[in-house]
Amino acid sequence: MRRYFGTDGVRGEAGKPPLTPEFVLRLGQAAGAYFRAHSPKPVVLLAKDTRESSDLLEAALAAGLMSQGVRVEHLGVLPTPGVAYLTRHLKATAGTMISASHNPYQDNGIKFFGPEGEKLPDEAEEEIEALLEEAHPTRGIGTVGDFREAERMYLDFLLAQAPDLAGLRIGLDLAHGATYRLGPKLFQRAGAEVMAFFNTPDGRNINKGCGSTHPEALGRFVVELGLDLGIAFDGDGDRVQFIDRQGRLFHGDHILYLTALAFGEEGVVGTVMSNVGLEVALKERGLAFHRAAVGDRYVLEMLKEKGLFLGGEPSGHVIFLRHHTTGDGLLTALLTLKALKVLGGDLADWYEALPMYPQVLLNVRVEDKAKVMGHPRLREAVREAEAKLKGLGRVNVRPSGTEPVVRVMVEAKEGAEAVARELADLVSALDRE
């Protein structure tokens, strides 16, 4: 059982346990000891997003790593998938990203990538956690450098996948995050006319009323300015959501359907949160559909297990395994636009092609996720809710791996809202007991 690592690294409010400078220094020491045990001359790439706390955590983590004889290469502000790509491309021992993704600026996090550009497996994180309990005297004097070619190399990789976007008018929501420089540059070089929004980070405005979790403003801009489409990224650039010319949200399930058809995939991996409409539509096309647990690492595991190459989540965290080892918002946007060129039509046409079951997702803030999730009354209530839907829907209640919330999802042709509200009220009540 991991104490600090969740589904996406170590997360929390910056400056409070566990994300204090003291803890992050120790985490750097433990991770450095782990990397040194697996490499005689470890090199770790280190990047961050635009939160005001990222500089402090970066300094503490780098100090811990260097105390174990690790060479640290600073990449500066860069999207998370850029770290994964460069870790593999440069044959580094590991890559590290300081970010809390789509969370507000007060939060931050630390996630590690292994030498193949994939997130460290659970076993490696457990080993690092075990090393945290040990004292780690200085075992060498590590050095530090600024790798100034990081953004250029990642941009070159993305441009190699880009279709010709000449004539397309695109609105970009950069979430005041890690894509704020790269996003406009990438789409302009691919030929599009770009209007950039939310691209002036100040350390505290990341994801605030913008980005892939708040695309409403972008939707208004697309309609009011007569743009062809909008593209919204999250704070660290591993997720993407689209807005069609009518202002409608074209999310991860739509992306999976469109790209699966365009690129001739044999099957797709979604998660327990994927809409039943996607599953039905793919099966009508003769494509297999598999559900993994929530979290891109579990999508990746199932892709490998099933021998497939496309998988993702409704959040817009999509993995194109032929191109990259992790979800990449910029790459996903390019390949979605490439799929449109293959199939013809625009986003609005393909929005209509995938009927979705109504889905209600409620995030219930709790003090003790484990207590709530383990309560027998909740398990019984979920069974009763599924019985109410009479096989015409799904219920999924799960703890968030990144926030102190329990997510209640109900999907059904009818009655989803009422069922979700009942379960959410019960979750709140059980947390107060």
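No value in this document is a laboratory result; all are computed from the given coordinates. Keep in mind that this is a model prediction, so the values were computed, not measured. With ideal geometry, Cβ positions are generated from the backbone for all residues, glycine too; neighbour counts draw on all protein chains shown.
Of all DSSP-defined beta bridges confined to the chain, some 50% are antiparallel rather than parallel.
Backbone geometry of the stretch 26-42 corresponds, through the Karplus equation with coefficients 6.51, -1.76 and 1.60 at θ = phi - 60°, to 3J(HN,Hα) couplings of 5, 4, x, 5, 5, 5, x, 5, 5, 5, 5, 5, 10, 8, x, 10, x Hz, x marking Gly and Pro. Lys and Arg at +1, Asp and Glu at -1: add these up for the other residues within a Cβ distance under 13 Å of LEU392 and post the number. Overall, the nearby charge balance is +1. The slack between GLN161 and ALA288, meaning 0.36 nm per residue of separation minus the straight C-alpha distance, is 43.1 nm. Here the Gaussian network model covers the chain, with springs between Cα atoms less than 10 Å apart; of GLY12, GLY286, GLY183, GLY286 fluctuates the most.
How big is the dipole moment of the stretch 161-352 about its Cα centre under a simple scheme where the beta carbon of each Lys and Arg is +1, that of each Asp and Glu is -1, and everything else is neutral? Debye, nearest 20, please. Intermediate values should be presented prior to the final figure.
Numbers: 19 positive and 24 negative charges, 63 e Å.
Magnitude of the dipole: close to 300 debye.
Calculated on the alpha-carbon coordinates, the convex hull of the stretch 80-138 measures out at 117 cubic angstrom per residue.
A crude spin-label estimate for the pair LEU225 and GLU305, with each label 7 Å from Cα along the Cβ direction, gives 4.3 nm. Looking at the stretch 312-400, the GluC sites (Glu not before Pro) that sit in a DSSP loop and have at most 15 other Cβ atoms within 10 Å of their own Cβ are GLU367.
What dipole magnitude, in Debye to the nearest 20, does the chain give about its Cα centre under +1 on Lys/Arg Cβ and -1 on Asp/Glu Cβ?
320 debye
Our estimate of slack between VAL272 and LYS208, defined as 0.36 nm per intervening residue step minus the Cα-Cα distance, is 20.3 nm.
One-quarter of the Cα convex hull surface for the stretch 262-350, in nm²?
Convex hull of Cα atoms, orientation-averaged projection: 5.5 nm².
The average projected area of the stretch 290-433, computed from the convex hull of its Cα atoms over all directions, is 10.3 nm².
When shorter helices are ignored and each DSSP H run of at least 4 residues is given -39500 (n - 2.57), the per-residue value for the chain at 222 nm works out to -12000 deg cm²/dmol. Relative intensity of the stretch 161-352 on a log10 scale, I(q)/I(0) at q = 0.14, 0.15 Å⁻¹, equals -0.72, -0.83, per a Debye sum over C-alpha point scatterers of equal strength in the absence of solvent. How large is the direction-averaged shadow of the alpha-carbon convex hull of the stretch 5-151, in nm²? Its average projected convex-hull area is 7.6 nm². Based on alpha carbons, the Rg and Dmax found for the stretch 342-407 are 17.2, 51 Å. Projecting the Cα atoms of LEU378, ASN396, PHE289 onto the charge dipole of the chain, computed from C-beta unit charges around the Cα centre, puts PHE289 farthest toward the positive end.
Give me the Kirkwood hydrodynamic radius of the chain, using the inverse of the mean 1/r over all pairs of distinct Cα atoms, in Å to one decimal.
Working: mean 1/r = 0.0450 Å⁻¹.
Its Kirkwood hydrodynamic radius stands at 22.2 Å.
Over the C-alpha trace of the stretch 2-59, radius of gyration and Dmax come out as 12.3, 34 angstrom. In this simple spin-label model, placing a label point 7 Å from the Cα along the Cα-to-Cβ direction at both PHE263 and ARG169 gives a separation of 3.0 nm.
With both labels modelled 7 Å from their Cα along Cα-to-Cβ, the GLU384 to ALA418 distance reads 1.4 nm.
Among the trypsin sites (Lys or Arg not before Pro) in the stretch 304-385, which ones are in a DSSP loop with at most 16 other Cβ atoms within 10 Å of the Cβ? Mind listing them? All intermediate terms of the calculation are to be shown ahead of the outcome.
On the way: sites: LYS304, LYS306, ARG322, LYS338, LYS341, ARG365, LYS369, LYS371, ARG377, ARG379, ARG383; in loops: ARG322.
Passing sites in the stretch 304-385 are ARG322.
Look at where the Cα atoms of the stretch 180-256 and of the stretch 400-425 average out, and the two centres are 27 Å apart.
Of the GluC sites (Glu not before Pro) found in the stretch 209-308, those that fall in a DSSP loop while having at most 16 other beta-carbon atoms within 10 Å are GLU266.
For ARG365 and SER39 in the same chain, what is the full-extension length gain: residue separation times 0.36 nm, less their Cα-Cα distance, in nm? So the chain would gain 113.2 nm between ARG365 and SER39.
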